[in-house]
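Participant: Quick one: structure below, then a few questions.
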Amino acid sequence: DSDRCFLSGSAHPTPSRMVDQVIRELESLAGHVADEEEMGAILQRHLGRAALELQTATSLLSRMQSVQRTKELAVVLRCLQRFGLELNVYMASAAITACRKCCEWAQAVHLLGDFVARHVETNTVTYNAAVSACEKGREWTTALGLLADMAARHVEMDTVSYNAAVSACGKGGSLARALGLLGDMAACSVERNAITYSAAVSACAEEGKWVEALGFLAEMTASRVEMETITLNAAISACEKGDAWAEALGLLGEMGKRRLEKTVITYSAAVSACGKGGEWARALGLLASMVEGRVELGIVTCNAAVSACATGGGWTSALWLLEDMAVQRLERNTITCSAAITAFERGGEWAQACALLSDMAASRVERARITYNAAILACAKGGGWGQVAGLLADMAACRIEKGEITYDSAITACAHGSTWQYTLALYEEYRLRFPRPAGMPLGSVIHACRSASSWALACALLTSERHRWLGLDNSDLDSASSLPPQVLDEADPHMLSQRQSFVVVLKPSGATTEQLFEQLASSVRVHGGPALTVVSRLDSPTSGALVIAIGSPTSASASHVRAQFAGRLVAKTYLCLCSGICPGSIGSRGVRSAPLLVLKDPQSSDRAHAHVSTSGREAVTQLHVKAHYCLRKSPGSPSESFTLLEARPLTGRTHQIRAHLASLGRPLVSDPVYATQALASHASWCARLFLHCIRLTLCDLDGIICRVDAPPSPDLFRALSTLSKLDVEQKK
């Protein structure tokens with residue numbers, strides 16, 4: 001037989017050395033894939049009779065992965081079979097395991113199918129190798145198909161089989177399938193071990209299902225399965241993705257109790273969890289714990305800490321972290337700098353943001369669109385509009401394409417300080433590239449025109465864009481339509497007015513804007529009505545008129561309303577009661593103009609706090625004195641005075657009316673944020689914040705000006721009835 005003549009050659013080196021020679025020659029082929037004739041010649045030169053030895057053949061198949069030659073495994077197997085070696089389960093397992101190690105799941109599945117077609121014996125180990133290869137490739141559907149094939153061929157499925165499939169489902173984003181496999185394990189009495197639970201917890205982490213992850217940890221404790229660092233790391237990651245920072249820190253403490261090693265992965269997930277929760281101080285505390293525990297600070301952990309400072313508004317801490325990274329010789333990357341610039345942006349520190357951007361260029365750190373977006377937004381919020389043109393030019397020089405956020409931020413920045421002509425030019429460039437409706441940038445241009453006393457141009461621009469948006473033939477846009485009658489019936493008495501492009505509802509105190517919106521949107525969905533969009537908000541304790549657009553966020557109707565809010569064309573009037581006597585007699589008017597810096601809680605806008613600061617954004621509130629009151633206390637004790645005001649915010653800052661009056665020493669009655677000292681005494685006769693939006697005026701899509709009134713709720717009238725009207729002159 002001509003195929004076997006080479007086997008009669010002289011003595012060869014040891015099988016191990018012969019395999020080494022084959023591997024070296026294959027490695028020298030670089031990108032060339034050997035065909036069957038070439039592979040046969042290579043095996044003939046280096047293996048000789050040893051090619052017929054099972055141990056040698058199996059070793060060769062296993063070693064193929066070390067030089068990334070797994071695509072030639074099928075060729076090697078055909079050559080060995082042609083030489084007279086009978087393929088068996090050990091060779092099949094070795095070949096498929098080599099594919100698994102190289103993450104060649106498709107090749108592994110192909111080889112398995114080929115072995116089955118050739119009637120080569122396959123067992124649990126063979127299938128497990130193929131399932132594990134699919135797990136590495138996140139091919140959960142193929143992994144489940146292999147399990148089904150095992151059941152059909154009566155191949156026993158063991159813990160390893162299920163573990164690999166559970167992990168594949170988790171990595172592939174199919175938590176439901178992973179949980180189903182765990183149920184199958186219980187039904188088939190297959191033991192669950194630490195790897196099983198780690199795979200299950202990791203599956204939960206992929207989808208941020210931290211409650212389920214903690215449930216598996218509890219099950220491990222009950223089953224006396226020992227927890228490992230990798231399992232708790234996955235659980236902390238689940239908490240991080242699920243915004244459960246407190247639970248993440250609890251697991252970190254549990255690791256300490258169990259004396260499990262805390263790795264850089266552990267701390268990175270925990271720091272990121274704290275960052276998402278706005279707990280930047282805790283995130284920095286974890287960094288200190290890493291240093292104390294001699295855990296090496298990595299770039300991922302530091303990036304998470306800087307991002308935590310950005311989320312929580314701790315720009316000074318972000319700056320300190322950058323300096324500390326330089327001391328530790330940790331090289332900053334694009335993510336680090338982008339997060340720090342975001343921290344500066346939220347702190348109103350546009351100069352720091354621009355300085356860091358310049359430092360990135362000097363340090364040759366790649367600058368991305370997100371980096372420039374954050375810097376431009378910092379200029380928009382901090383008054384650094386003069387830097388915007390330079391930043392846009394720098395983006396062009398770096399060949400970084402401007403996106404919608406870039407234009408939006410740049411237009412917003414320039415609208416507050418640059419010439420209206422430049423702002424309008426930016427908008428023209430923007431709408432040529434992104435023609436779909438966009439209310440915020442248009443509103444900024446309108447504001448710039450109005451600030452320059454170009455009122456006619458502002459109105460003309462709003463009108464022309466309204467017509468252009470309505471004329472766009474885009475399936476993404478919703479045509480404004482009426483709400484179903486059933487919705488109006490269910491919304492009564494909350495529905496104040498319905499127009500072509502928006503509705504105005506009465507928001508009660510204590511309900512969030514999102515809760516009221518979801519209630520209305522749910523009713524609309526049930527009855528087949530149009531989409532709705534939130535275009536403005538009222539704080540949870542504030543009541544009154546709230547506008548909701550009819551249409552999707554990209555519709556002409558929603559964009560038209562947004563443009564009016566951004567352009568300060570919507571007139572909103574609030575009724576409020578503040579502590580103390582405001583200067584002036586009844587009917588007098590005044591203006592409070594003071595920049596506000598808002599520190600927001602990422603978990604709740606109602607836990608935000610605004611205060612007057614030169615680093616803040618422009619904020620202007622018109623005040624109109626309506627009445628003065630006093631509260632008669634027990635005989636002998638001084639009475640307490642109050643002023644009833646109508647307030648009209650000309651800008652839309654968070655807590656604007658509340659913060660402005662508090663800065664004057666006149667906090668609103670029952671304000672849980674700005675009147676904490678008097679809160680207990682006020683609550684006895686006014687159980688809620690005395691702030692109500694009584695009136696708003698805006699333009700509908702047809703150009704008609706609409707005014708909607710929202711009478712104060714009965715609880716506010718009851719609060720006023722407990723007070724006595726006071727004549728200011730008499731008080732003096």
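Participant: Take residues that are β-branched (Val, Ile, Thr) and surrounded by fewer than 20 Cβ atoms within 10 Å (Cβ to Cβ) and tell me which of the strands (runs of 3 or more DSSP E) falling wholly in the range 538-622 contain 1 or more.
Facilitator: 589-593, 604-612
Participant: If you scan the range 677-700, which residues turn out to be over 13 Å from Asp715 (Cβ atoms) and of a type in the set (A, V, I, L, M)?
Facilitator: Selection gives Ala678, Leu679, Ala680, Ile694, Leu696, Leu698.
Participant: Among the candidates Ala361, Ala351, which residue alone is open to solvent by 10 Å² or more (accessible area, probe 1.4 Å), among the small types (Gly, Ala, Ser), part of a helix (DSSP H, G or I) and over 23 Å from Thr614 (Cα atoms)?
Facilitator: Among Ala361, Ala351, only Ala361 is open to solvent by 10 Å² or more (accessible area, probe 1.4 Å), among the small types (Gly, Ala, Ser), part of a helix (DSSP H, G or I) and over 23 Å from Thr614 (Cα atoms).
Participant: On to the next question. Which pairs do you get when a residue that is crowded, with 23+ Cβ neighbours inside 10 Å, found in the range 186-201, comes within reach of a residue that is among the charged types (D, E, K, R), reach meaning Cβ atoms under 8 angstrom, with the pair 6+ apart or on two chains?
Facilitator: Qualifying pairs under 8 Å: Tyr197/Glu219; Ser198/Glu228.
Participant: Right, here's the next one. What residue, among those in the range 396-429 that are closer than 16 Å to Arg562 by Cβ and in contact (Cβ under 8 Å) with a residue 24 or more places away in the chain, is most open to solvent (accessible area, probe 1.4 Å)?
Facilitator: Restricting to residues being closer than 16 Å to Arg562 by Cβ and in contact (Cβ under 8 Å) with a residue 24 or more places away in the chain, the top hit is Ile405.
Participant: Given the criteria modelled with pLDDT under 95, open to solvent by 10 Å² or more (accessible area, probe 1.4 Å) and assigned to a loop (DSSP other than H, G, I, E, B), does Arg177 qualify?
Facilitator: no
Participant: Next question. Which one of these is open to solvent by less than 40 Å² (accessible area, probe 1.4 Å), more than 23 Å from Ala130 (Cβ to Cβ), out of contact with any Cys (no Cβ under 7 Å at 6 or more places or on another chain) and at pLDDT 85 or above: Ile23, Ile42?
Facilitator: Within the list Ile23, Ile42, the selection yields Ile42.
Participant: Further question on the same structure: Are any residues in the range 45-68 more than 13 Å from Gln21 (Cα to Cα) and open to solvent by 20 Å² or more (accessible area, probe 1.4 Å), and if so, which ones?
Facilitator: Correct list: Arg49, Leu52, Glu53, Leu54, Gln55, Thr58, Ser62, Gln65, Ser66, Gln68.
Participant: Shifting gears a bit: Does Ser543 meet the test of being more than 23 Å from the chain's Cα centre (by Cα), modelled with pLDDT of 95 or more and of a type in the set (S, T, N, Q)?
Facilitator: Criteria met by Ser543.
Participant: Among the helices (runs of 4 or more DSSP H) contained in the range 53-144, which hold 2 or more residues that are more than 42 Å from the chain's Cα centre (by Cα)?
Facilitator: So the answer is 54-63, 73-83, 89-101, 105-117.
Participant: For Ala106, which of the numbered conditions (1) within 27 Å of Glu226 (Cβ to Cβ); (2) open to solvent by 50 Å² or more (accessible area, probe 1.4 Å) fails to hold?
Facilitator: Result: Ala106 passes all but (1).
Participant: Then there is this: Has the range 364-384 got any residue that is under 18 Å from Arg332 (Cβ atoms), charged (D, E, K, R) and either open to solvent by less than 30 Å² (accessible area, probe 1.4 Å) or out of contact with any Ser or Thr (no Cβ under 8 Å at 6 or more places or on another chain) (or both)?
Facilitator: Checked against the condition, which is being under 18 Å from Arg332 (Cβ atoms), charged (D, E, K, R) and either open to solvent by less than 30 Å² (accessible area, probe 1.4 Å) or out of contact with any Ser or Thr (no Cβ under 8 Å at 6 or more places or on another chain) (or both), the range 364-384 yields at least one hit.
Participant: Right, next: Considering only the range 280-329, give the helices (runs of 4 or more DSSP H) lying wholly within it that have at least 2 residues that are free of Cβ contacts under 8 Å to residues at least 12 places away in the same chain and more than 24 Å from the chain's Cα centre (by Cα).
Facilitator: 280-292, 315-327
Participant: Let me ask another. Looking at the range 212-248 only, could you name the residues that are of a type in the set (A, V, I, L, M, F, W, C), closer than 22 Å to Glu279 by Cα and open to solvent by 40 Å² or more (accessible area, probe 1.4 Å)?
Facilitator: Matches in the range 212-248: Leu214, Trp245, Ala246.
Participant: Could you count how many residues in the range 120-174 are among the aliphatic types (A, V, I, L, M) and surrounded by fewer than 24 Cβ atoms within 10 Å (Cβ to Cβ)?
Facilitator: Number satisfying all stated conditions: 11.
Participant: Scanning the range 509-532 for residues that are loosely packed, with under 14 Cβ neighbours inside 10 Å and within 20 Å of Ala710 (Cβ to Cβ), which turns out nearest to the chain's Cα centre (by Cα)?
Facilitator: Among residues in the range 509-532 that are loosely packed, with under 14 Cβ neighbours inside 10 Å and within 20 Å of Ala710 (Cβ to Cβ), the one nearest to the chain's Cα centre (by Cα) is Glu514.
The values are calculated or read from the model by the stated rules, or taken from the named source; none is laboratory data. In this text, all values refer to a predicted model and were calculated from it rather than measured experimentally. Cβ atoms come from the backbone with ideal geometry, glycine included; neighbour counts cover every protein chain shown. What goes into the accessible areas is simple: the full protein's heavy atoms, side chains included, and nothing from ligands, DNA or RNA. Shrake-Rupley method; radii C 1.70, N 1.55, O 1.52, S 1.80 Å.
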